[in-house]
Every structure is written in C-alpha cells, then in structure tokens.
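The values are calculated or read from the model by the stated rules, or taken from the named source; none is laboratory data. The structure displayed is predicted, hence computed values, not measured ones. Positions of Cβ are backbone-derived with ideal geometry, glycine not excepted, and every protein chain shown enters the neighbour counts. Please note that ligands, DNA and RNA were not included when accessible areas were found on the heavy atoms of the full protein model with its side chains. Shrake-Rupley method; radii C 1.70, N 1.55, O 1.52, S 1.80 Å.
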Amino acid sequence: MFTLVIQLTNISGMNENQSAPAIGFDLPDWSAPSAPEKDLVLDGQFVRLEPLVAVKHAMPLFQKYEGHDAVWTYLPVGPFEECSTYRNWVETAEQSSDPHFFAIWNKDTKEYEGTLSLLRIKPETGSIEVGFITFSPALQKTRAATEAIFLTMKYAFEVGYRRFEWKCDALNVPSRKAAQRLGLSYEGIFRQATIVKGRNRDTAWFAAIDGEWPNLHQAFSRWLDPSNFDDEGQQIIGLSDLTRSILVATDPEVAN
C-alpha cells in the first residue's frame, strides 16, 4: 500500500514555499542611444577628437609613431615600417563604424599625436567601449591624454549609454593602472580570451556605469581645472585620489 502525494504549484511552476526568483531592476525610462555619427567631433580644453581620415592624419601620425614600436605591442596591428603601409591601414580604419576611430589633436602642441576608438558599440543594451588606444610618446602621461579618454566617456554617458568599458591584455600593466586611475572598476580576467599576433591573450576587464558618471564627471572636472596644475604643469591633486572612492572593485595587481 502506498500514499500518493500531490504537490500543488502556482501558475509560475514554483512550490508554494519558494520565493520568487531574483530579477534585475526595471528600466521604464531608458531608451537605446544612437551609435556615434560618422562626423562626430569631441572638443575639450586640451584636445580635439576628430574622425580619422588617411589623407589628413596618416602622415603626421606615422611620424609621431616612427621609431616607437612599443606603441603597437598589445594591438592587433603594427608596427608599421613604412608610411604607405600605415596609410593603407588608416584608409581601412576610416571606413569602419565599429571601431569608430578618432585622431587626437593636441591643442598645446598643435599636432596630431595619437588615435583611439569607440568600439563594441551596442546601443540596444547601452554598452560601449573605449579601445585601440594608440598614444604616441609625445601624448602619453599628459593632461591631453587623460582628457581624450574623458571626452569619450562624457560623450557615452551624455547620449545615454549605461556602461563604458575598458579591456586590455592582462599583461599590459600600464593599461590596467590607467583604467583604475580613470575611475573604471575592475571586473576580472577572461582567461584565454583571444589570440593576438599568434600569442595568447588573457583580457582584463574594467568598466564604469551611468550611476557613477556624476561623481566621475566631478572628479575629471576638478583634475582638469587649470588651478590643479602648477607653473610647470605638474598636478597638485592626482586623478586617482579623486576617483578612488568611486571604484566598486580594485585590481589586485595594481596599486591605487
């Protein structure tokens, strides 16, 4: 003899004693932003980001990169031995909408000194990444370099993106330090994420989200203010001092 036990369930299929599954918060007022327009220009105090065009930018940029092969170490292209080869690459890059490439004009030196891009552009989910960052030695570790990244972040959040990403080779410690200094929180390592130039690449992920943007904007504005620099152009307050409290997670391999 046996007893038949019938367990009643509600229409969702859950046991009466079970709680509802956790789900994400609603986004009733959010709508997908537009992808960057081809002629987008981002203008700041120290730099102007303009669409990368071979006929205008290839020669001056090649001259800035020439002899500095380390610039290309972690990128999937380069180094370029000839200007013609670099120009061919720029001609292809300028046709791309994702990545969306910019040339960086330094207003202090009045020269083109680097490139970067917005990429993995996903308006439908509100996610965008800054990457393919190729700063010449003349641009590296300057106010202009920091402002170039800030302008892409400002653009992304002000047009409605929810998430601003930074990814780099996990072995690229300077890039990991830069991401954290810029207020992007560490999100982990994707092991064997891809292959670059025939080599394995583990990828370190960093990101900021829209809820952090007001504090990030305030931090960048304070750091970029001319009053934060002495007569020799040295910073008085470091950007990492202003962004540290915004980070929700820090990179264990990078001192902040």
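Regarding residue 221, is this residue under 18 Å from residue 166 (Cβ atoms) and of a type outside the set (A, V, I, L, M)?
So residue 221 fails the test.
Looking at the structure I just gave you, is residue 127 in contact (Cβ under 8 Å) with a residue 12 or more places away in the chain, within 24 Å of residue 52 (Cα to Cα) and either open to solvent by 60 Å² or more (accessible area, probe 1.4 Å) or among the hydroxyl-bearing types (Ser, Thr, Tyr) (or both)?
Considered against the rule, which asks whether it is in contact (Cβ under 8 Å) with a residue 12 or more places away in the chain, within 24 Å of residue 52 (Cα to Cα) and either open to solvent by 60 Å² or more (accessible area, probe 1.4 Å) or among the hydroxyl-bearing types (Ser, Thr, Tyr) (or both), residue 127 comes out as yes.
Look at residue 103 and say whether it is surrounded by fewer than 19 Cβ atoms within 10 Å (Cβ to Cβ), at pLDDT 95 or above, in contact with a Gly (Cβ under 9 Å, 6 or more places away or on another chain) and of a type in the set (A, V, I, L, M).
For residue 103, the condition - surrounded by fewer than 19 Cβ atoms within 10 Å (Cβ to Cβ), at pLDDT 95 or above, in contact with a Gly (Cβ under 9 Å, 6 or more places away or on another chain) and of a type in the set (A, V, I, L, M) - is not met.
Would you please list the contacts, defined by Cβ atoms under 6 Å and residues six or more apart or on different chains, that run from a residue in region 234-253 that is closer than 17 Å to residue 210 by Cα to a residue that is small (Gly, Ala, Ser)?
Between residues of region 234-253 that are closer than 17 Å to residue 210 by Cα and residues that are small (Gly, Ala, Ser), the close pairs are 243/183; 243/219; 246/183; 247/185; 248/185; 249/185.
For residues that are under 21 Å from residue 169 (Cα atoms) and not aromatic (Phe, Trp, Tyr), scanning just region 74-100, find the one that is least open to solvent (accessible area, probe 1.4 Å).
If we take residues in region 74-100 being under 21 Å from residue 169 (Cα atoms) and not aromatic (Phe, Trp, Tyr), then 100 is least open to solvent (accessible area, probe 1.4 Å).
From (1) open to solvent by less than 40 Å² (accessible area, probe 1.4 Å); (2) out of contact with any Cys (no Cβ under 9 Å at 6 or more places or on another chain); (3) closer than 16 Å to residue 104 by Cβ; (4) aliphatic (A, V, I, L, M), pick out the condition that doesn't hold for residue 138.
Evaluating residue 138 over (1) open to solvent by less than 40 Å² (accessible area, probe 1.4 Å); (2) out of contact with any Cys (no Cβ under 9 Å at 6 or more places or on another chain); (3) closer than 16 Å to residue 104 by Cβ; (4) aliphatic (A, V, I, L, M) leaves (1) as the failure.
For region 56-64, state whether one or more residues are under 21 Å from residue 143 (Cα atoms) and either free of Cβ contacts under 8 Å to residues at least 60 places away in the same chain or in a loop (DSSP other than H, G, I, E, B) (or both).
yes
Table: residues versus (1) surrounded by fewer than 14 Cβ atoms within 10 Å (Cβ to Cβ); (2) modelled with pLDDT of 95 or more.
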site: 167; (1), (2): no, yes
site: 176; (1), (2): no, yes
site: 179; (1), (2): no, yes
site: 191; (1), (2): yes, yes
site: 208; (1), (2): no, yes
site: 213; (1), (2): no, yes
site: 223; (1), (2): no, yes
site: 254; (1), (2): no, no
